[in-house]
Each structure stands twice: as C-alpha cells, then as structure tokens.
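For reference, the structure is listed below as structure tokens.
The values are calculated or read from the model by the stated rules, or taken from the named source; none is laboratory data. Quick caveat: nothing in here was measured; it's all calculated off a predicted structure. Methodologically, a virtual Cβ is constructed for each residue, glycine included, from the backbone with ideal geometry; neighbour enumeration extends over all protein chains shown.
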Amino acid sequence: MNPSRITLAFAFAVPFGAASCKTPASDPAPSPSAAVASAAGSATAKLVAPSKPWFSGGFVGEYEAKVATVEIKVGAVKEWTKGDPKLSSGPGKLSLQIDDAGQVSGTSEGALGAGHVSGKVEDDILRAQLSPADDTGLHGVLIASRAGDGFKGSIEASSGDSLRVRTAAIELKKLAN
C-alpha cells in the first residue's frame with residue numbers, strides 16, 4: 001500500500017471512528033428537551049420572591065402618657081414647676097406601617113396629640129420621630145426593641161416650649177396580613 005494512501009485513510013478514520021464511539025450508559029448526553037426543562041427550572045427558581053423581613057407590615061400600639069420627671073435646679077425655668085399634669089397626659093395610640101427596607105410611616109392620636117410618625121428599623125431597633133399635626137401636639141421620639149413579632153419601648157415627648165414633658169411605655173403588636 002502506498003504511504004500517502006495510508007495517511008489519507010488514517011486522516012479519515014480517526015474523526016469517523018471518534019464520532020461513532022458511544023457515550024457510556026452511566027453518563028447519557030442530555031436531550032434538547034432536558035436542557036430546556038433545566039433552563040426553565042432555573043428561571044423559575046430565580047422568580048421566587050425572597051421572604052419579607054420579620055418587621056414588614058402594619059403595627060399598632062396603645063400608650064398611657066404621664067408627666068416625665070424633670071430635674072429642676074437653681075436657675076431652671078419657673079414654669080416647669082407650674083405645669084398642669086393633666087395636659088397631654090392619658091391614653092393614646094400609634095398606627096405604623098413598615099416597608100421591607102425598614103422605613104416607618106404612620107399616625108399618632110391621643111394625649112400627645114394627632115400627628116405623623118416617621119422613622120427606620122435597623123438591627124431589630126425601631127427609632128421614630130413623632131411630629132404634631134398642629135401647635136397643641138407634642139414632638140417626640142419612640143425607641144423600641146424587638147419583642148417577639150412586635151416591638152416594646154418608650155415614647156419621650158415635649159411641647160415646643162418644653163413646658164410639657166411626657167413619657168409613655170408602648171408595646172406595638174403586628175397586625176395580621
């Protein structure tokens with residue numbers, strides 16, 4: 001046989017021989033429909049929404065505002081000793097909505113006055129500012145820690161002239177979705 005024919009025969013035999021080899025039964029090649037199903041399965045997994053943070057949703061809580069203790073020293077404003085303890089004291093309610101990012105918005109009503117609440121939840125701590133709707137309401141802050149599926153903390157508030165200073169414990173409970 002001619003050496004150039006052997007080379008030519010070898011050149012054709014190798015690719016055709018490799019192509020005719022079968023894949024082992026233990027490692028079957030995926031069919032085109034299996035590849036499509038696999039791609040669809042991974043796309044479905046990506047579409048599943050992540051779970052919401054525990055604090056996401058509505059919360060409501062009631063408080064009982066009381067006169068806060070103000071240490072009166074020499075040179076203090078005289079009116080602090082004359083304040084009417086009944087003004088801005090008594091029951092009230094906060095209604096809050098917290099989004100997935102922890103942004104807080106809501107309303108207040110009751111002894112501290114009608115107003116708006118805004119704030120943030122970070123590291124299971126709720127910090128919010130109470131802003132009165134009018135001049136008769138008190139400005140305040142709410143700081144509360146996670147307690148179960150709600151929050152437990154306190155409100156510290158005062159009038160614009162600081163002559164009425166109030167404090168209140170509050171427990172915010174999560175509303176059912």
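For the stretch 141-169, a residue qualifies if it is hydrophobic (A, V, I, L, M, F, W, C) and buried (at least 20 other Cβ atoms within 10 Å of the Cβ), and the qualifying residues are 142, 144, 151, 155, 157, 168. Entry remark, the stretch 69-94: residues being modelled with pLDDT under 70 and under 40 Å from the mean Cα position of the chain (by Cα) number 1 in total.
Cβ contacts < 6 Å: first residue farther than 18 Å from residue 177 by Cβ, restricted to the stretch 94-120; second residue modelled with pLDDT under 95 and exposed (fewer than 15 other Cβ atoms within 10 Å of the Cβ), any location; separation 6+ or different chain. Result? If the second residue must be modelled with pLDDT under 95 and exposed (fewer than 15 other Cβ atoms within 10 Å of the Cβ), the pairs left are 113/136. Looking across the stretch 94-119, the residues that are assigned to a strand (DSSP E or B) and of a type in the set (Gly, Ala, Ser) come down to 95, 105, 106, 108, 110, 115, 118, 119. In the stretch 49-74, the qualifying residues are those that are hydroxyl-bearing (Ser, Thr, Tyr) and surrounded by fewer than 14 Cβ atoms within 10 Å (Cβ to Cβ), and the one that is nearest to residue 119 (Cα to Cα) is 51. The sole residue among 138, 126, 172 that is in contact with a strand residue (DSSP E or B) (Cβ under 8 Å, 6 or more places away or on another chain), crowded, with 18+ Cβ neighbours inside 10 Å, more than 19 Å from residue 60 (Cβ to Cβ) and among the aliphatic types (A, V, I, L, M) is 138.
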